[in-house]
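To start, the structure under review is shown below, and the notes come after it.
Every read-out reported here was derived from the displayed coordinates using simple, explicitly stated rules and does not represent laboratory data. The structure displayed is predicted, hence computed values, not measured ones. No Cβ is skipped: glycine too gets one built from the backbone with ideal geometry, and neighbour counts run over all protein chains shown.
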Number of protein chains: 2
Amino acid sequence: MSVISDLPSRFRFVLVRTSHPGNIGSAARAMRTMGFTRMELVSPHRFPDREVSAMAAGADDVLEGAGVHAGLVEALAGTSFALGLSARRRGVNLPELTPREAAAQALAAAERGGQVALVFGNERTGLENDELARCHAMVRIPSVDDFSSLNLAQAVQVMAYEVRLASLAEKLPTPPPLHDEPPADAAQMERFFEHLSQTLDDIDFHKGRAPTTIMLRLRKLFLRAQMDERELRMLHGILADAQRMAQLANGKK
Amino acid sequence: MSVISDLPSRFRFVLVRTSHPGNIGSAARAMRTMGFTRMELVSPHRFPDREVSAMAAGADDVLEGAGVHAGLVEALAGTSFALGLSARRRGVNLPELTPREAAAQALAAAERGGQVALVFGNERTGLENDELARCHAMVRIPSVDDFSSLNLAQAVQVMAYEVRLASLAEKLPTPPPLHDEPPADAAQMERFFEHLSQTLDDIDFHKGRAPTTIMLRLRKLFLRAQMDERELRMLHGILADAQRMAQLANGKK
């Protein structure tokens, strides 16, 4: 029970470039009904706003605590598992989960001690590819093909509902920890991807290839692996040695 | 497939004494995203109304076909199974179902050839006892105790979503594969680990470290990622470039 009651605090709902302030309010209410209070806003068009509070219907604690960020990276700070809601398959080749599968995985990540983000895009345009690229998987709510777009707050409601159900479900034995070490968080992963990209430059791997495609594929691969901090340190060490070799090779050309 | 596509027509969403026309529109949209089009309104405060259409976001077929009734009895005409949504237990002694249980029972009733009603009360006061008394069971969406009231359209969304999931359950398409490419097999992974280990030697990463421990950790990491063949080719390419740099560096010592 104590484990369960702590769980909601490990989740944050991230709303990216939300156009309509009323949707922020409705989303806050939807979260609150399911016990979630942490909202992070990325470049909201209008916030705070009278319409936000009107639609929140009393979920003021959610709005008062909401962080406002310039970019998704900041909003994901400290998270180890991020799920991006998307109505469509795009260029980004991420694993696609149903809300129920997503809730199960998110809960498992939270039970392992991680922070989890559920990321919702702009009402009209959804999440951009570079935003989805920061997510571990994509969630598609199984709407009908000819009317597939849920209102933003409705999507928040469905996800909050599924995560709450998963957390209420018969208490499963705690999943064996994936790692002994703390999971790598979003910022650490970004630093790793920068180091990796720089190293691929240094060893001339990018030469003649499209670095964006390569990096998207490597992102997908390494995010899927859900690494811990020790693994990340080991990979940084390998990259540093490869860079040193490249320096020696070039210095002696 | 023909059974499935016929099923949504056996469901109607009944909104009783709805105060806010915007909620009727949002409910129509919520229904429509899940493939449901039949709405029955009992004594709506304002309908039709400009706000209804604005919030429906294109679910006009739902609104155009919506019946308007003076009482619940008329709205339930022809149904064989009715479920009343309620946030609270009242005097009415009805079986109480979760949305998921309710969806399963509703689907079973529809598959037996019946018409099913999902009944939603007024935003503030819910369903009256005499209205609940016309339902076969009560559905409670498992919200938190201290903030239990979902917005009306959110409750409609959750129920529509659960019924759609239940109807898709038996015929769920196989989940989309994690990869477009064939997964790497055990032999391919072994070749990769050999290449990786050799490269770590070449770039002097193993120097002073226990190669066995390192390789066990890397194995664990890369096996967890469940790579496909294309990803493996990419990683082989990176390793080859790192080896080339090491050769250059050493050859020029």
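Please state the charge dipole magnitude for chain B, taken about the Cα centre, from unit charges on C-beta atoms (+1 on K and R, -1 on D and E), reported in debye and rounded to the nearest 20.
Using Cβ point charges on Lys, Arg, Asp and Glu, chain B gives about 600 debye.
For B:Glu64 and B:Asp146, the difference between the fully extended length at 0.36 nm per residue and the C-alpha to C-alpha distance is 25.8 nm.
Would you work out the charge dipole size for the protein assembly as shown about its Cα centre, treating the Cβ of every Lys and Arg as +1 and the Cβ of every Asp and Glu as -1, and quote it to the nearest 20 debye?
The calculated dipole for the protein assembly as shown is roughly 680 debye.
Return one number: the angle in degrees, 0 to 90 and rounded to the nearest 10, between the long axis of the Cα atoms of helix A:229-251 and the longest principal axis of the Cα atoms of chain A. On a 0 to 90 degree scale, this one is about 40. Peptide B:216-226 is shielded by partner chain Cβ atoms: per residue, an average of 4 of them sit within 10 Å of its Cβ.
Take A:Arg50, move 7 Å from Cα toward the beta carbon, and the resulting point lies 1.7 nm from the same point in each other copy, nearest first.
Could you list B:Thr37, B:Thr213, A:Thr33, A:Thr212 in order of exposure, starting from the residue whose Cβ has the fewest other Cβ atoms within 10 Å? Each step should come with its number before you reach the end.
Numbers: B:Thr37 20, B:Thr213 10, A:Thr33 28, A:Thr212 13.
So the ranking, lowest neighbour count to highest, is B:Thr213, A:Thr212, B:Thr37, A:Thr33.
Looking at the protein assembly as shown, the DSSP beta bridges with both ends there are about 10 percent antiparallel. Taking the DSSP bridge list for segment A:1-145 and keeping only pairs wholly inside it, about 5 percent are antiparallel. Fewest neighbouring Cβ atoms within 10 Å first, the residues B:Arg32, A:Arg38, A:Arg230 line up as A:Arg230, A:Arg38, B:Arg32. Here chain B carries DSSP beta bridges of which approximately 10% are antiparallel, counting only pairs with both residues inside. Between the helical axis of A:99-111 and the longest alpha-carbon principal axis of chain A there is an angle of about 70 degrees. Using only Cα atoms, find the angle between the long axis of helix A:211-224 and the longest principal axis of chain A, and express it within 0 to 90 degrees, rounded to the nearest 10. It works out to around 60 degrees. Between this copy and the others, label points of B:His195 are 2.3 nm apart in ascending order, each placed 7 angstrom from Cα in the Cβ direction. Think of each Lys and Arg Cβ as +1 and each Asp and Glu Cβ as -1; about the Cα centre, that makes the dipole of segment A:201-241 roughly 320 debye.
Between the C-alpha center of segment B:87-162 and that of segment A:183-253 there is a gap of 52 Å. Return the aspartates and glutamates within reach of B:Lys207: Cα separation strictly under 13 angstrom, same-chain partners fewer than 8 residues apart disregarded; answer none if there are no such residues. Cα-Cα hits under 13 Å: A:Asp241. Kirkwood radius for the protein assembly as shown, taken over all pairs of different Cα atoms as the inverse mean of 1/r, rounds to 24.9 Å. By the beta-carbon count within 10 Å of each Cβ, the least crowded to most crowded order of B:Met234, A:Met39, fewest first, is B:Met234, A:Met39.
Each 10 Å bin, from zero up to the one with the longest distance, holds this percent of the alpha carbon pairs of segment B:7-168: 12, 45, 37, 6. Remark: mean inter-chain Cβ contacts per residue of B:146-158 equal 6, using a 10 Å Cβ-Cβ cutoff to other protein chain atoms.
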